[in-house]
Structures are given as structure tokens and as C-alpha cells.
Amino acid sequence: MKIWKLVSGILSIIFFALVAMQSCAVGVANTLEDSGEVSSSAGILVAVLMLAGGIVSIATRGSEKRGSNIALLVLFGLAALLGFSNYGSYSDLTIWSGWCLINAVLAVVALALGSKQA
């Protein structure tokens, strides 16, 4: 699980920059169209939660404590929930929410494996 935490942390931090830029572009388009959608705001929140999850993932990669996996589950799970429920015209948000969902599921797996080893 150490390798998963390192790789997912690095990728999440890289994806943060991409999601944030896309969300800003979608925000400008939503403002110009006066569509009233909140997909760009949801994208920014998903990006921030993805960044926080990536940092926590890298910082706790050597730790086998339950708290780190629970924190990852909450951060990535909340990001996935926000993204899937508010994607609107920003359809790429479903891809990033899928990435967060994968990380949340793997945090559950790490949590389950950690409790069996203890």
C-alpha cells in the first residue's frame, strides 16, 4: 500500500493543477453564458480536496495507522461525491471524480487490510 499512496499522492497533486485550470475555464464560460451552473465551483472544491488528499497520501505513506486511511477516505470520498453530483456542463469533472472514487475505494481496502493485520 506504500506504493499506492505515493503514486496516488503524486498523481493527485498533478491532477489538482489540471482540474483547477479546467474549472477556471469552465467558470469563465459559465459566466459569459450566464448559465447559472455551479460545475466550476464544484470543480475547484474537487481540486482542493484532491490536493489535500494527495498531500495526506504522501505524508502518511509509511504509516499503517487507521486514521490516515480514514482521512483519505473522507477527502477523496467527499471529492467524488461533490464531483458526481455537480458536474453539469463540465463533463470532465466525472473523470476526476472517478479518480477520487478509485482512491477512496483503495483507502477502504487499505483500511480493511490494516485491520486484518493488526
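The values are calculated or read from the model by the stated rules, or taken from the named source; none is laboratory data. Model, not experiment: these values are computed from the prediction. Glycine gets a Cβ as well: all are built from the backbone with ideal geometry, and neighbour counts include every protein chain shown.
Assorted remarks:
- The single residue among LEU81, LEU101 that is closer than 10 Å to VAL46 by Cα and modelled with pLDDT of 95 or more turns out to be LEU81.
- Filter result (closer than 14 Å to SER8 by Cα and either among the charged types (D, E, K, R) or in contact with a Ser or Thr (Cβ under 8 Å, 6 or more places away or on another chain) (or both)) within region 77-99: TRP99
- Meets criteria (out of contact with any Cys (no Cβ under 8 Å at 6 or more places or on another chain) and among the hydroxyl-bearing types (Ser, Thr, Tyr)) for SER40: no
- Comparison of VAL46, VAL74, VAL38 shows that the only residue that is without any contact (Cβ under 8 Å) to a residue 12 or more places away in the chain and either within 20 Å of ILE95 (Cβ to Cβ) or under 15 Å from the mean Cα position of the chain (by Cα) (or both) is VAL74.
- Some residue of region 34-41 being hydrophobic (A, V, I, L, M, F, W, C) and at pLDDT 90 or above: no
- Residue check for VAL7: part of a helix (DSSP H, G or I) and closer than 19 Å to GLY88 by Cα: no
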